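Encoded as structure tokens, the structure appears first; notes follow it.
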Ligand code: NAP
């Protein structure tokens with residue numbers, strides 16, 4: 001039996017815990033596979049992909065900063081990846097590269113697991129509109145979300161997502177705001193059940209809050225895409241909001257990648273344990 005080769009490519013990539021999570025998944029499923037970190041500098045993605053295609057690697061994940069560039073290098077794109085211009089999962093079928101975006105699926109599963117929330121008919125507020133929020137909002141609109149409020153410092157990025165959704169899923173209402181529009185933000189929050197913190201603020205000590213926590217009503221559930229409890233999560237939990245960090249999203253986007261590659265159900269318990277252990281080790285080393 002040959003060993004199928006998989007990888008995660010990014011720059012930097014040494015911090016990625018996907019190798020631990022996917023290795024656990026392959027082992028639990030009884031599949032012979034390797035999964036390694038491949039460091040690829042910005043600007044060198046095309047050469048790296050030709051190497052992975054020809055070796056051949058059976059598939060790979062893509063992380064910062066290559067998700068948008070990867071969408072331009074695959075041969076086929078699934079619809080959400082095409083609309084969001086972002087690929088985090090590639091499968092190599094006989095040299096033909098198929099690109100997918102599993103971030104939105106991962107977030108949707110994580111919200112369901114943490115808060116019992118379904119996407120269809122739901123009202124969601126996203127704080128941030130970088131690559132991850134773009135992929136997630138476009139996935140949510142395709143999955144039948146009723147309302148999306150997108151709050152971003154750079155308003156034009158939110159408006160661009162609103163235009164894409166308006167064309168593909170016109171039944172989904174999208175409103176765009178900036179974080180300093182406190183009065184409009186308070187009204188929007190009173191109409192949403194879930195807030196997703198999707199900026200990179202909270203990764204580093206001393207980062208400002210992405211939006212004033214006291215604007216968030218206590219009956220709004222808050223998920224932060226960052227993999228640990230951020231000061232923003234702690235602040236909203238302090239006045240009664242249900243909260244969850246980004247581990248569930250990381251788990252479920254990886255589980256979906258595994259299913260795309262193998263056609264098998266992902267062994268979630270094994271993946272979750274491996275992820276928790278790997279992240280605990282990362283926190284100890286910081
Ligand atoms: P990105 O494309 O770099 O976007 C960064 C976002 O943060 C943008 O909305 C940006 O606003 C905002 N931002 C950054 N600095 C800011 C500041 N000083 N003030 C206000 N807004 C600021 O990043 P991404 O790939 O979308 O990732 C966003 C976060 O999600 C990261 O923390 C990442 O680790 C996390 N993530 C988690 C998962 C998971 O599985 N849990 C998956 C993907 C990403 P502008 O547009 O105005 O610059």
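The numbers here are math on the coordinates, done by the rules we state, and not lab data. If you're wondering where the values come from, they're calculated on a predicted model, not measured in any experiment. Here the Cβ positions follow ideal geometry from the backbone for every residue, glycine too, while neighbour counts run over all protein chains shown.
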At R0 = 35 Å, FRET efficiency that the Cβ-Cβ distance of residue 32 and residue 203 yields, to 0.05:
0.45
Among 202, 43, 85, the residue with the largest mean-square fluctuation in a Gaussian network model of the chain built from Cα contacts under 10 Å is 43
Could you work out the helix-only [θ] at 222 nm for the chain, with each DSSP H run of four or more residues adding -39,500 (n - 2.57) and the total divided by the number of residues, to the nearest 500 deg cm²/dmol?
-13000 deg cm²/dmol
The Cα radius of gyration of segment 96-139, divided by 2.2 N^0.38 Å with N its residue count, comes to 1.26
Whole-number Å³ per residue for the convex hull built on Cα positions in segment 14-173
134
Could you give the length gained on full extension between residue 153 and residue 180, defined as 0.36 nm per residue of separation minus the Cα-Cα distance, in nm?
8.9 nm
So how do 242, 72 line up by other beta-carbon neighbours within 10 Å, fewest first?
72, 242
Between residue 193 and residue 2, the two model label points (7 Å from Cα along the beta-carbon direction) sit apart by a distance in nm of 4.8
In Å, what Rg and Dmax follow from the Cα atoms of segment 48-126?
14.7, 45
Rg/Rh for the chain: what does it come to with C-alpha atoms and Rh from Kirkwood?
0.97
In nanometres, what is the gap between the two model label sites at residue 46 and residue 113, each 7 Å from Cα along Cα-to-Cβ?
3.8
Cα point-scatterer Debye curve for segment 170-286, base-10 log of I(q)/I(0) at q = 0.23 Å⁻¹:
-1.27
For 252, 15, what ranking results if the residue with the fewest other Cβ atoms within 10 Å of its Cβ goes first?
15, 252
Residues 2, 230 in order from fewest to most other beta-carbon atoms within 10 Å are 2, 230
Taking R0 as 25 Å, what's the FRET efficiency between residue 259 and residue 171 from their Cβ-Cβ distance, rounded to 0.05?
0.35
Please report, in whole Å, how far the alpha carbons of segment 91-174 spread along each principal axis, starting with the longest.
41, 32, 24
